[in-house]
1. Could you go through the range B:402-420 and let me know if any residue there is in a helix (DSSP H, G or I) and either surrounded by 15 or more Cβ atoms within 10 Å (Cβ to Cβ) or at pLDDT below 95 (or both).
2. Could you go through the range A:154-165 and let me know if any residue there is within 7 Å of chain B (Cβ to nearest Cβ), assigned to a helix (DSSP H, G or I) and closer than 18 Å to residue A:424 by Cβ.
3. Please verify whether residue A:260 is farther than 24 Å from residue A:125 by Cβ, crowded, with 23+ Cβ neighbours inside 10 Å and in contact with a helix residue (DSSP H, G or I) (Cβ under 9 Å, 6 or more places away or on another chain), treating the condition exactly as stated.
4. Every residue in the range A:170-200 that is without any contact (Cβ under 8 Å) to a residue 40 or more places away in the chain and not in a helix (DSSP H, G or I), please.
5. Please indicate, with yes or no, whether at least one residue in the range B:438-455 is within 14 Å of another protein chain (Cβ to nearest Cβ) and either in a loop (DSSP other than H, G, I, E, B) or touching a helix residue (DSSP H, G or I) at 6+ places or on another chain (Cβ under 6 Å) (or both).
6. Taking the condition in contact with a helix residue (DSSP H, G or I) (Cβ under 7 Å, 6 or more places away or on another chain), under 24 Å from residue A:483 (Cβ atoms) and within 14 Å of chain A (Cβ to nearest Cβ), does residue B:374 pass?
7. Here are some conditions: (1) away from chain A (no Cβ under 14 Å); (2) crowded, with 17+ Cβ neighbours inside 10 Å; (3) free of Cβ contacts under 8 Å to residues at least 24 places away in the same chain. Residue B:306 meets all but one. Which one does it not meet?
């Protein structure tokens, strides 16, 4: 079609006509702006949806099928957006500079789109490419949402407070700890939040429900992103990154939905689907089948298996001394044979003690410690030996301990110990039940060398400990169980109101 | 087939209710015939939802007319808007469980009976409820929006979940009810609370526009976890109201589901848009509309301003009188002498205080070894007197709370237990500041002849304030 240039108005009219024609034909030719915008978005989403650090691939090759756990699958679906630079400052870990890599990726996308535009002047539309980038984004988001959802459906990410936590002041926890705990105190709420991530993930797997899933995922992850900023929880960027992918997928249908519901105009959706040959169909089926099998039913199975078989990544699995779980008052405390009277301000004398269901002893003294700040591991912020000061990647290494046939519990300390003030110290213990000896080691990642060897004797509601403490002093401690009932455990609906 | 003539005789009976109700339907609108199950479902929901929504309860008007418009505050409006019709007085219903929905049961039974009669006595089957459905949706949209506005603003200006008081900060985690933990966790991040409030207000604004209502309800459903579900799981105590919010959201969202279904699932065909566009060309109708719309916007503005005002001057859940000057802090009880006998630190002695908090306001909280009777309310009422402002003690099973007044010339503190079950617990203490961080109290305690107590301020260098950003020794 030739356009005669009478005046600008004529041109605009003609152009609009052409544009409408083209739209009616099923968007055969795109406008130049649309072509350029697509190239930017294509490169951007591609950069976000493909793992760009080598650790991801070496991790996959190192997988041993016989030892596979939910952690392995999770590390595959929870890969991070590319990390071009690492900013070690506080702002780089918690603040807006944290987004620098998402912004750099966008700049790169603009650059690449510029070159692409220079090279490719013939293509009229990218319906096919658009289709494939959506497929990639859909599955990336879907598996990610499913993985994050499963750690709440089988509540591991947030769990019921330990006895140590129940007896710790509200203010002695960091904000992230409080945020996670407030979810953990309601088991079924945690499960609900899990489904709020899992269901959008499942919807994303089906072409026809993908937009709905993407919209839900975008709303949910946007909320998570804001909450992460509000509580310094540390995964704001990954959440924002999911929200961006969700928004990208939603934008495919949003103009039509707006037209249909707000403008009340009939719409005939233009949904492009490539045609496949028979062999392509066969390949498509099997690729889809295998990936979905691994990341949906097998993932569900592995998370469920771990949850029900003592591999909760926030709960230690070595059982504690039988029938000792509880909160204890310290009735008597002798240091090198000398009685120390009860005083909550004493830096050596224990003012209370707890035993958990698992092998863990905690006690409170008036002495500070460098605390595990519950930051955890994120490859985004840790490169080799760099940036380990602000991040603490070594507190969640349960799987590594398990692989080298060591007790995993010292790698499961982030929940029990992390994010809480140092006055309460947590010790892992190995119990020799024949000789009645506890071999204790501090669980705090910053004080792992603190060890104690204590003999024990158990009687009803009383535990007596004696031996050598972490300062090589001899101690003798009598613990009496408190029959405390917690309002949190009893609940508001219970008839009991006196605690 | 057009059923226009059956319902709509525009111009014939100008001013009658019928012409108002049906006047909104465009002249050229052709009424599709509703299937009989659609008609019956509509008849039921129409009555059921209106019973739950319309203010048909004398108590509502009692509340309305008790407002002192000269001294109005946000809470009077808040209380009216969130009021739900009680066919059965709420005091006679169980507070928890299915029984707490007793009024819904009544509404459902009445709606069922009336809708049967409606179906039976309506003269012909070829019914179409487009206009009635429109009006029903108008009522529900505004009802939902009004609830979101009143709850949204008290979060946007964070007074619904105030920052936890010092006493609550130094209470053990296990000593709270779950709802209190939920409230306090939101309370420590006023910005996040404001964000959630903003989402509710934003959804309300989408709702008062007919065309964007579906987006508003969709947004609400996306934020369900924060609104309604949390209410259910945490025993927050507003589960009937929050379920009502969900019910309205789902009902309103359902209107567009057939179109969304066609668009996404039957995506090879053209999706037909809703053809109903309310016609407000009739003067009387448009005047009523203008009046109601501007009324609603005035309500939003008034309520917003009142909430902001309340936020600026005081947090209504916390007491407002000044506490003892210079005493704010968390105290260790270093000496405790009762009847001239010193009682050392103890985890079992029933008299010995363990620690004490002086709030910035007229509250002292004491931890000792005696059991605490928990205030089981949500502490959300608006009370004038400080002693009645009970949010700080509600849901806290770890500390005893006392309201106090000061006689600064004689240096006396008059304390009274804030808990309703223990209001008889009153005593008077004489105070002396030994230095900036040490406070001595003496007087009569627990029926003793004399008590002498020395308090020493602790540092407030808590981990929560330090945050996670730097390595912390704590």
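The values are calculated or read from the model by the stated rules, or taken from the named source; none is laboratory data. As the structure is a computational prediction, the values presented were derived from the model and not from experiment. Counting neighbours? That spans all protein chains shown, and the Cβs are built from the backbone with ideal geometry, glycine included.
1. Yes; the residues of the range B:402-420 include at least one that is in a helix (DSSP H, G or I) and either surrounded by 15 or more Cβ atoms within 10 Å (Cβ to Cβ) or at pLDDT below 95 (or both).
2. For the range A:154-165, residues within 7 Å of chain B (Cβ to nearest Cβ), assigned to a helix (DSSP H, G or I) and closer than 18 Å to residue A:424 by Cβ: present.
3. Judged against the criteria, residue A:260 is not a match.
4. A:186, the sole residue that qualifies.
5. No, because not a single residue in the range B:438-455 is within 14 Å of another protein chain (Cβ to nearest Cβ) and either in a loop (DSSP other than H, G, I, E, B) or touching a helix residue (DSSP H, G or I) at 6+ places or on another chain (Cβ under 6 Å) (or both).
6. Considered against the rule, which asks whether it is in contact with a helix residue (DSSP H, G or I) (Cβ under 7 Å, 6 or more places away or on another chain), under 24 Å from residue A:483 (Cβ atoms) and within 14 Å of chain A (Cβ to nearest Cβ), residue B:374 comes out as yes.
7. (3)
Conditions tested, residue by residue: (1) touching a residue at least 24 places away in the same chain (Cβ under 8 Å); (2) more than 21 Å from residue B:90 (Cα to Cα); (3) surrounded by fewer than 18 Cβ atoms within 10 Å (Cβ to Cβ); (4) touching a helix residue (DSSP H, G or I) at 6+ places or on another chain (Cβ under 7 Å).
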site: B:214; (1), (2), (3), (4): yes, yes, no, yes
site: B:231; (1), (2), (3), (4): no, no, no, yes
site: B:242; (1), (2), (3), (4): no, no, no, yes
site: B:245; (1), (2), (3), (4): yes, no, no, yes
site: B:252; (1), (2), (3), (4): yes, yes, no, yes
site: B:256; (1), (2), (3), (4): yes, yes, no, yes
